[in-house]
Every structure is written in structure tokens, then in C-alpha cells.
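Remarks on the structure that follows.
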Amino acid sequence: MGFKMLALESHNLRKSYGRGKRRFEAVRGVSLSILPGQVLAFLGPNGAGKTTTIKMIAGLIRPDAGWVKISGADPHRQPQALKGVGAVLEGNRNLYWRLTPLENLEYFGVLRQMPRQAAKVRAKALLAAFGLEDKRQVPVQKLSRGMQQKIAIAAALIHEPQLLLLDEPTLGLDVESGETVKEFVRQVAASGCAILLTTHQLNVAEELSDRVAIIRQGEIVAEQSTQALIKQFSKGTYRIEFEGALSEAQRSAIAALGATLSDHHIHYSLDSLDSLDSLDSLAAKSSDQTSSHRHSAILYKILSLLDPLPLVEVRQDRADLTDVFLQFTQNKDNSFSNPQQEASTRQKKDKKDG
Amino acid sequence: MAELTNLLIAELKRTWIQTLRYPSEVVGGVVILTAVFYGIFLSTQYVAGPASTFGDRLDAVVVGYVIWTLVLYIVNDIANNLQLEAQTGTLEQVFLSPFGASKVFLVRAIASLSLRILLIGIVLAIIIAITGSQLAFPPILLLPLATLLLSAYGLAFFIGAFALVLKKVQQVLGLFQFVLLFLLAAPTEDLSGSARIAANLLPILPSTGLLRDLMAKGEGLNWQEWLVALANGLIYFALGILVFRWAESRAKRQGSLGGY
């Protein structure tokens, strides 16, 4: 496998505001890295330090400590590093409203040191990609919010940066515009641009991101692949719905496997596996198998016990990013920093409580 | 250098489009400027200062006023631009430019000056048509004008630096109009000794003295004094850029770059 230079690398970034008693640490040792083509969702409640971190990465706020490298160059020391960054900052228009989309894109291209002709060609291509060719001569202030946002993203991409910083890119957009922006983010990432995305719309983050970093009170409390994080927080409960009535023998056999029954539903939780004495033999048999295989084996056993009753639905309850986010951000004590350790602690606690 | 030329062309285009896209604003601006100029033209004593130093030629008064408004415009331009861009939400994009903010704002100031000069040219043409005045612009006038502009841009960066760090500078800008009026109208070319040295150390003053010599007194250009004016202009320009860079770095440390 060839060496791939990180599009973004930030190390131990720190920033404090104010003096004396009013001094507070907004960002405390934040390290982030993104590979080309990756989307990192940077999540956190208001005031957690997201915007300060993003602005430190963009060279707009100087960190008290730590460093940033964009494709190997430090934006605080080497202005040329800024050629590798595009940003759409939240709460800003990011565009000149009296100019048309084409004029805006051309201008921002030159501002990022592109030759004018190249900026013009690229601007036209971007407007075509965004489906805004027919609007290219209309002043931006006359366009819809969704179109303005798309043009702001296009302006941030005009110089083909290696890193795109998107602060709340879908905020205030209607469903259709939101979907278009999301699709575009996917395309941009597919073209090899690394994306740092902040959003309070966690479904957007879940859909778009390869990895998630959660910041709370200035510190990263979780950072890993989005799917792994969700899986880690998914309780792994299977829910089986069936028709007809079970015999007493079937009911006790299913209960012996650790499942709970109601009239037409069976709930089977992965947590219950290890505590069941009756499953010793099954567990032993599969001790060299992965946990998911073991759970599947039990699930098939339950299903076979249901035979020949008609099945209505078999589904696994799955956590989403909102569940994960709330678990990390609503935890008031500051005792954890390792999400895996925390997740394991939580699972043990659930088991004990259950 | 090619990139800077590109930027200048792009800034000219941006400034001109933004202004000319709504022609009613331009027409309004021309009408107001013409009215003010005509008013000044009719009551020379207000702006020209003592007639003995500025001469009693009405055309010289008009040129004096043009220079005053031009310098006032330049001096406020960077601070106004910073505040406007912060309000419209494009300021941080400017700071994301690999050119660096001071270069971008200088190029912007030059671009907007070109538009201003065009506007003032139109107004002057109207005034000349109304009054039949004959204004003379000897080419040598460009030399003290250049040193005046250098010094004025230095002050513009100075006030821009204030705007970056202190944010609310409208009152300072208002006060500065009077300081400028003093700098442009005080007859310091008649001073001698230590007072003259002090006047040479103040921004703009050496250039305005030379301009008055040329325009109002009909004298030739004193090259020795022009060199003093050039040094004055270069020093204030360099100081302005240095202070602006310091202010940019301070605003980045405070995390207050985009907020107003």
C-alpha cells in the first residue's frame, strides 16, 4: 500500500479566551486527521469548541499551542498552505450578493491565486455540476437560499482544495436543497477532497461521514469510524414478530435461550448471551467464533423453534448517530475519554441493571 | 507579480460591477457630489482655509476640495471595507486568501480609488460645464499627489488596524475628518525651523504644501521638498502596513477576525 499524505493533520490544538478569572479554555488538546477523500463529521453541542477548532485549522484563529498541517503545510506560517483549503463558514453569506454566481466564482478563484482564465473555466464547470448554469448571470441575492449555499460551496471548491471545511452546510435548507448539497458533498469527497463537516443535523452527518469526532467542552471524547461507533452503541436487540400461538414447550425453549416473549413478539438482546448458563454448551462450541456469529446461531435457533409459524418481521434495533451523540454529550461527569472503554462499561452496567 | 496583476483586474471588475449594477446609486452619488462641489465652489472660504495661502482662484479651491474628499475616501476605505465585509459575511473568505490580507486590501483600495476618481472626474466635468472654470492639471502635479496617496494609504491601513482590533471605529473615523482637514489645509509650507521639521514628520503635510505651491501659488516643484514628501509617504505607508499586520495577528490571537 502506497503512502498517502494526510489532507489535514492537527495536533494538540489549544485555545483560551479572556484573562484572569474570566479565562476559559475553548479548545483543549484537539487532534484531528483526515485522509484525502474522507468525510469527517465534527460534532458537538453549541459552545463545545467546533468553530474555534475549524477556524484554527483555516488559519483564522491562532492556536495557543499545537499545530495544523494542510497537505503538509502550516497555514499559520505558510500562507501558500491556504491554497489547499476551501471553507464555507456558518452564519456567513460567503458570497458577494451583487455579483452573479459566475462572477463570484471567478473572483474567488483569483483570490486563491488561480489564473483568471482557469478560474472562469472551472467556474463554468462547477456551475454545470451544481445544475446552476441557467442562473449564472443572475445576481446571487435574487437566488434561493439553497442555490446560494450551493454557490458558496462551489466558491470554496473553485481552486480545487485538498481540504474543504463545511460548517453547517445544510442549515436552513429545504429538503430538496439539503439533498442536493448532500449529494454534492459525496461527489466532492469521491473526487479525493477531504471534508471536515460540522452539523447539528445528525442524520446528515450519519449519511455523509466516514468518521465521526465528537467534541465536548473543548475536548474530543470520541473519534472513530461512523459505522463502528454506531455499531458499538447499538444494543443489538433483535425483534421478531410472528403470527399464531406458541406451545408451552416452544415458549420455555425460547426463554431458555435468553429471549423475552410477548403474544406475538420475541425480543432477543445480545447482552443476555454471556450470562446464560443454559447456553454454556453453545457458547463453548462457538468460543472461537466471533460474537456476531454466536448471536446469529442463537437467532437461528429461536427461528427454528418458531417453525412453522408465519413470520411477520425480523429486525435488529440499531442505534443512530443521535443516540451516540447524546450519550457522549449528555454525560456530565468527565470520567471517560475512551469511547470503547465507556461503551464496554455501559454494556456491563446495562447487564447488571437488567 | 502576474498573480497580483490578476488580483488587481479581478478587484477592479468586482468593484465596478458591484457599483454599476445599480446605476441609480451611481447617479445619486454623482448628483450629491456635484451639489456639494457646487456649494463649495460658491462659498470658497469654508474649505480652502485662509485665502492668502490657498489663493483666491476658484479652480484651485475645487481641486483642493477634490483632493480632500479623495484622501478622506482613501483613509476611510480600508476600515469601511473591513466593516462592510464583516457585515455581509465575506471578510473571513478574504483572510483565507494566500495573498495575505494586507495585499488584498491594498489592491482593493486601489481598485475602489479608480472608481472614485472616475466619479469625481464626471463631477468635475459637470462643474466645469456649469461654471466655465478652467482647471489646469500640470503633469508634475502627479508627483506630490503620489506621495500624498502613499501617506494616505498608510493612514488607511492604520485605521483599518483599529477597525480590526477595536471593531467599532465610526466615531474615530468621524473625528479623523477634522484631523485630515488640518493636515490638508494647515499652511505648514510657510513654517520654518523646528516647527517645519515637526510638520515634515506628520503624515500628508509635506505633500499638501507642495500641492499648494503648484496649484495655488503657481510655483514650480521644489525637488528637495518632494524627496522629504516621498520619504514621509514611504515611511507612513510602511508603518501602516506593519501596524495592520500586527492588528491582523492580534485579531487572530483574540479569535475576533470575523466579528463586528
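At-a-glance table
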{"item": "At least 24 Å along the helix axis (C-alpha) and Kyte average at least 0.0, DSSP helices within chain B", "result": "B:2-20, B:23-42, B:58-88, B:101-131, B:142-166, B:223-254"}
{"item": "Estimated 222 nm signal from helices in chain B, with DSSP H stretches of n ≥ 4 weighted -39500 (n - 2.57), rounded to 500", "result": "-26500 deg cm²/dmol"}
{"item": "Summed residue charge, Cβ within 14 Å of residue A:206's Cβ, Lys/Arg positive, Asp/Glu negative", "result": "+1"}
{"item": "Net charge dipole size for the range A:8-232 [Lys, Arg +1 and Asp, Glu -1 on Cβ; Debye, nearest 20]", "result": "920"}
{"item": "Sparse-neighbourhood loop sites, trypsin sites (Lys or Arg not before Pro) in the range B:139-198 - DSSP loop, at most 15 other Cβ within 10 angstrom", "result": "B:167, B:168"}
{"item": "Sparsely packed GluC sites (Glu not before Pro) within the range A:93-175, loop by DSSP, other Cβ within 10 Å at most 16", "result": "none"}
{"item": "Peptide A:63-73 - average C-beta neighbours from other chains (10 Å radius)", "result": "0"}
{"item": "Relative contact order for chain B, counting Cα pairs under 8 Å that sit 6 or more residues apart, in percent", "result": "27"}
{"item": "Charged-residue dipole, Cβ positions (Lys, Arg, Asp, Glu), the range A:1-138 about Cα centre, Debye nearest 20", "result": "480"}
{"item": "Fluctuation leader among B:100, B:193, B:154 - chain B, Gaussian network, Cα springs under 10 angstrom", "result": "B:193"}
{"item": "Ascending count of other beta-carbon atoms within 10 Å, so fewest first, for A:329, A:260, A:199", "result": "A:260, A:329, A:199"}
{"item": "Residue order, fewest to most surrounding Cβ atoms within 10 angstrom, among A:233, B:182", "result": "B:182, A:233"}
{"item": "Anisotropy class of the range B:2-254 from Cα gyration tensor, a/c 1.5 cut", "result": "oblate"}
{"item": "Which of B:26, B:70, B:200, positive extreme of dipole for chain B (C-beta unit charges)", "result": "B:26"}
{"item": "Fewest-first ranking of A:114, A:5, B:1, A:56, using other Cβ atoms within 10 Å as the exposure measure", "result": "B:1, A:5, A:114, A:56"}
{"item": "GNM result for chain B, Cα springs below 10 Å: residue of B:69, B:131, B:147 fluctuating most strongly", "result": "B:131"}
{"item": "Trypsin sites (Lys or Arg not before Pro) restricted to the range A:49-95 and DSSP loop, no more than 12 other C-beta within 10 Å", "result": "A:77"}
{"item": "Fluctuation leader among B:142, B:183, B:234 - chain B, Gaussian network, Cα springs under 10 angstrom", "result": "B:142"}
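FYI, it's all coordinate maths here, none of it is from the lab. What you see is a predicted model, and the numbers here were worked out from it, not measured in a lab. As a convention, Cβ positions derive from the backbone with ideal geometry for all residues, glycine included, and neighbour counts pool all protein chains shown.
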